[in-house]
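The values are calculated or read from the model by the stated rules, or taken from the named source; none is laboratory data. Everything numeric here is computed off the predicted structure, so don't read it as measured data. Note that we place each Cβ from the backbone using ideal geometry, even for glycine, and neighbour counts take in every protein chain shown. Surface accessibility is based on the protein's heavy atoms, side chains included, excluding ligands, DNA and RNA. Shrake-Rupley method; radii C 1.70, N 1.55, O 1.52, S 1.80 Å.
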Amino acid sequence: VRMDRHCANALAVAKFLQGHQQVAWVNYPGLAGNKYYALAQRYLPKGASGLLNFGVKGGARAGERFIEAAQFMSHLANIGDAKTLIIHPASTTHRQMSDEDQLKAGVTPDMVRMSVGIETLEDILWDIDQALAQAAKA
């Protein structure tokens, strides 16, 4: 049951992010149009996991501000927890790499990685929305 909640929350979060004006892109295999959507439907029929990546408009500093503004989500590098976890890889886990090497590894300056938890969806979406609003401020 817990995995069902992770997957359902992640899909709802991905759809929310996809429609948000402060989000440049969303990578989640459960979204129609994702390059892995067909494979996810075939091999992950119960849901495409709780993990997703997205880009915050405004680049690296906006991604960092998103993390700093989060109140409900936790800023941690691990994944798969019952609580929603977020990280800005370019300024944390991959900061020792050159910009070129980060890009080769798939880490863009605006990217936020999220491990969506099993909390109430409205709480997760509220925190994402308010953190994106803060990230948009110059």
Going residue by residue through the stretch 29-38, the Karplus relation 6.51 cos²θ - 1.76 cosθ + 1.60 with θ = phi - 60° gives ³J(HN,Hα) values, rounded to whole Hz and with x marking Gly or Pro, of x, x, 8, 4, x, 5, 4, 9, 4, 4
Tell me what the chain gives for mean residue ellipticity at 222 nm when only DSSP H runs of n ≥ 4 count, each as -39,500 (n - 2.57), the sum divided by the residue total, rounded to 500 deg cm²/dmol. -12500 deg cm²/dmol
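Leaving ligands, DNA and RNA out of it, report the carbon-plus-sulfur percent of the accessible area of the chain at a 1.4 Å probe. Present the calculation step by step, with values, prior to reporting the outcome.
Numbers: 3970 of 7430 Å².
Roughly 53 percent of what the probe reaches on the chain is carbon or sulfur.
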How charged is the neighbourhood of G47? Take every other residue with its Cβ under 12 Å from the Cβ of G47, and add Lys/Arg as +1 and Asp/Glu as -1. +2
Just how far, in whole angstrom, is the stretch 1-61 from the stretch 94-123 if you go by their alpha carbon centroids? 13
Angle, helix 59-69 long axis vs. longest principal axis of the chain, Cα atoms, 0 to 90°, nearest 10? 70
Measure nothing fancy, just the Cα-based angle from helix 2-18's long axis to the longest principal axis of the chain, in degrees from 0 to 90, nearest 10. 50
Computed over the chain, protein heavy atoms only, probe 1.4 angstrom, the accessible area per residue in square angstrom equals 54
